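Written below as structure tokens is the structure these notes are about.
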Amino acid sequence: MSFLDMAKARWTCRDYDPAKPVEQEKIDAILQAIALAPTAKNFQPFRVWVAQSDEAMEKVRQVTPCSYGAPLAFIIAYSADEAFLRGDGKNFGEIDASIAGTHIILEASDLGLGSTWIGAYDAAKLHELFPELEGYVDVALFAVGYPSASAQPSPKHSASKSLDDIVTFI
Ligand SMILES: Cc1cc2nc3c(=O)[nH]c(=O)nc-3n(C[C@H](O)[C@H](O)[C@H](O)COP(=O)(O)O)c2cc1C
């Protein structure tokens, strides 16, 4: 499949089959995709927590309404101290973690899984319930799992701006 076909095939899943766990090989493939993501200076300043136990997923459900019954979630956060700092003080950690997150959703789609990039979560509660994130700046959560039989792309999926609206040749 070409990259464009892969990008077109991905959509945000908002209804998972909670009874169908994600195979460990597929979790491992997603982790490999994360590790292959480009980062500024190749510093890879992020850390990924894989929430797969009942206890961890119960905490995920407490911090966001957007896990939609997924059996699995990835939490991505970065260490500001480990990220590339540009001369003007800009820290690249969030950009690096976001590229890794993009790899998660594309790899999940390639594996036949659904995924949700979750920005709507209670960051304070996330840190309270997952003290292992101490010292890291949270960037996003990602629900991953098999879509339910009735899951479909939302209308927003196909409501993209035209290229003319987002591109200027200069
Ligand atoms: C940074 C970011 C944050 C997002 N946060 C949420 C979220 O909290 N909940 C949700 O259901 N979808 C979330 N999404 C998914 C977007 O709504 C979705 O990607 C967009 O509407 C386009 O639809 P598509 O992914 O199906 O193509 C987020 C996506 C991005 C990139």
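Observations, loosely collected:
- Among the conditions (1) within 14 Å of the ligand (Cβ to nearest atom); (2) in contact (Cβ under 8 Å) with a residue 40 or more places away in the chain; (3) in contact with a strand residue (DSSP E or B) (Cβ under 8 Å, 6 or more places away or on another chain), the only one that residue 106 does not satisfy is (3).
- Candidate set from the range 124-170 (those that are part of a helix (DSSP H, G or I) and in contact with a Leu (Cβ under 9 Å, 6 or more places away or on another chain)); member that is nearest to the ligand (Cβ to nearest atom): 126
- Restricting 48, 22 to those that are touching a strand residue (DSSP E or B) at 6+ places or on another chain (Cβ under 7 Å), closer than 16 Å to residue 101 by Cα, more than 16 Å from the ligand (Cβ to nearest atom) and among the hydrophobic types (A, V, I, L, M, F, W, C) reduces the list to 48.
- Where a residue in the range 1-29 is within 19 Å of residue 152 (Cα to Cα) and touching a residue at least 40 places away in the same chain (Cβ under 8 Å) and its partner, wherever it lies, is of a type in the set (Ser, Thr, Tyr) and away from the ligand (no atom under 16 Å from the Cβ), with Cβ under 7 Å and at least six apart: 16/146; 17/146; 20/146
- Candidates 77, 108: the one that is outside any loop (DSSP other than H, G, I, E, B), modelled with pLDDT of 95 or more and closer than 23 Å to residue 150 by Cα is 108.
- Residues that are surrounded by fewer than 17 Cβ atoms within 10 Å (Cβ to Cβ) and more than 15 Å from the ligand (Cβ to nearest atom), drawn from the range 83-103: 84, 85, 86, 87, 88, 89, 90
The values are calculated or read from the model by the stated rules, or taken from the named source; none is laboratory data. These figures come from a predicted structure and were not determined experimentally. Glycine gets a Cβ as well: all are built from the backbone with ideal geometry, and neighbour counts include every protein chain shown.
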